[in-house]
1. Can you give the percent of C-alpha pairs in segment 152-223 whose distance is more than 19 Å?
2. Say we join alpha carbon atoms closer than 10 Å with springs in a Gaussian network model of the chain; which of 79, 150, 41 then has the biggest fluctuation?
3. Place a label point 7 angstrom from the Cα of residue 127 along the Cα-to-Cβ direction, then list the residues of segment 35-69 whose backbone nitrogen is under 19 Å away.
4. For residue 195 and residue 214 in the same chain, what is the full-extension length gain: residue separation times 0.36 nm, less their Cα-Cα distance, in nm?
5. Of 202, 71, 99, which is the most mobile in a GNM of the chain whose springs link Cα atoms less than 10 angstrom apart?
6. Using only the alpha-carbon atoms, what does segment 3-137 span along each of its principal axes? Please give whole angstrom values in decreasing order.
7. Just the projected area, averaged over all directions, of the convex hull on the alpha carbon atoms of the chain: how many nm²?
8. Tell me the Rg and the Dmax, in Å, that the Cα atoms of segment 48-95 produce.
Ligand SMILES: [Zn+2]
Ligand SMILES: [Zn+2]
């Protein structure tokens, strides 16, 4: 569907235009075989409020950024490899219609289109690209994804203890595991989730308990799984090999 565009002059020009709009704040986007398929403004639900963002759909990545001057200057570029993406259609809320979630292991977020037709088009194009890419790479769709952050405004009280009321002095925090808005007391713990970050991240008390329990369980499992092999590890017999392990 797109391959015939891959090496055309018009495709290269379009990609060069996107690159120049992001300027030094963006990554080089032109690589052999990459095709720019479409672009549009979507509303992205952010922590504080929903904001318009420019989105570019390529055959292998989704790029989005903040709009400084539409069609002239964009900033805060984000690049999402499409083989990491799964989509989920979401019901309308009072404020937002035509929503869906873009989910990856690192980050998940909600966007909405101006109309139902527009959403349909975005989703069908995205899904087609994802399918095409996964089959080309011989990969299965990802099964795990990060929880999207619940927007600050969604709640005035801590979603874990339901006691703490937020104010200018009592700050909202986000659990990196479940995405809930929680108070400081309910999110004192940090936990290492290598998929999300090389540093331990803030998690709520409930997620912390679950993460610790899951870690313990997987450690026990690996212990039992390996115990019959203790002392009998396969070895090449090469001393150098053993040392490096
Ligand atoms: Zn709390
Ligand atoms: Zn949590």
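1. Values: 978 of 2556 pairs.
The answer is 38 percent, as a whole percent.
2. 79
3. Output list for this probe position: 38, 57-62.
4. Working it through step by step, the gained length comes to 5.3 nm.
5. Its mean-square fluctuation being the largest, the pick is 71.
6. Sorted from largest, the Cα extents of segment 3-137 read 44, 36, 28 Å.
7. 19.5 nm²
8. 13.0, 34
Every number here is computed from the coordinates shown, using simple stated rules; none is lab data. Note that the structure is a prediction, hence the values are computed from the model and not measured. For neighbour counting, all protein chains shown are included, and Cβ atoms are generated from backbone atoms with ideal geometry for every residue, glycine included.
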